[in-house]
Amino acid sequence: PYFFNAGGFDDGAKLGRVAGFYARRLLASGLEFDMLFGPAYKGITLAAAVAIELARLGCNVPFAYNRKEAKDHGEGGTLVGAPLAGRVVIVDDVVSAGTSVRESIAMIRGAGATPVGVAIALDRQEKSAQNGEDLPFSAVQYITAQLGLKVCAVATLADLLHYLSVTSDAALAPHRQAVSAYRARYGV
């Protein structure tokens, strides 16, 4: 009953505002990191914007990202930006199955760096699925417990449900029941 569309951060003001939320959440987390990595495609813009906001807040760190297709000219390869080094935070919009995170971890480790965390805009707090079967944990819980990375989420599904319960926006109020039922069925 809901879809998180990071494509909605489609102008400078919106992107800057969400980058500010990411940056403040990362700094407040206590997570020690040396750089950011944005997985293609949505993570590219997010990592760049978060790097800008972190610099504005006094924490200037480099960032890198990957392309889906390797180039054989220019800088070549699939990695673009600063060389992956040190402790790296992966910046993305959401984590659904964790595929993008696992692929990012492989690239980061392959470059000799250490993945230490994942920053996302929304923790959907829903069960992962494998071969059509619900698993008893979320992708975020898997990343934390099995992959050993800290996850910093700007907001959670619980935050969204709270907002839907207190908002005065009449257009949003009817969605609370559907999202609540979804959480009851698929939530962790």
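Surface analysis of the chain yields an accessible area of 52 Å² per residue, using protein heavy atoms and a 1.4 Å probe.
On the chain, 54 percent of the accessible area sits on carbon and sulfur atoms, based on a 1.4 Å probe. Build a GNM of the chain with springs between Cα atoms under 10 Å apart, and of K127, K42, K68 the one that fluctuates most is K68. Taking Cα atoms only, the orientation of helix 175-186 departs from the longest principal axis of the chain by about 70 degrees. Shape analysis of region 1-92 places it in the oblate category; the axes a ≥ b ≥ c from the Cα gyration tensor give an a/c of at least 1.5, with a/b not above b/c. Compute the Cα gyration tensor for the chain, then decide on rounded, prolate or oblate, letting a ≥ b ≥ c be the square roots of its eigenvalues: rounded whenever a/c is under 1.5, prolate when a/b is larger than b/c in the other cases, and oblate in all that remain. Here the chain falls in the prolate category.
Highest mobility in the GNM of the chain, judged by mean-square fluctuation with C-alpha springs under 10 Å and restricted to V95, V116, V61, is found for V61. Listed values for region 156-162 are Karplus-derived 3J(HN,Hα) couplings in whole Hz (6.51 cos²θ - 1.76 cosθ + 1.60, θ = phi - 60°), namely 10, 4, 4, 4, 4, 5, 4, and x replaces Gly and Pro.
The values are calculated or read from the model by the stated rules, or taken from the named source; none is laboratory data. All values derive from a computational prediction rather than experimental measurement. Surface accessibility is based on the protein's heavy atoms, side chains included, excluding ligands, DNA and RNA. Shrake-Rupley method; radii C 1.70, N 1.55, O 1.52, S 1.80 Å.
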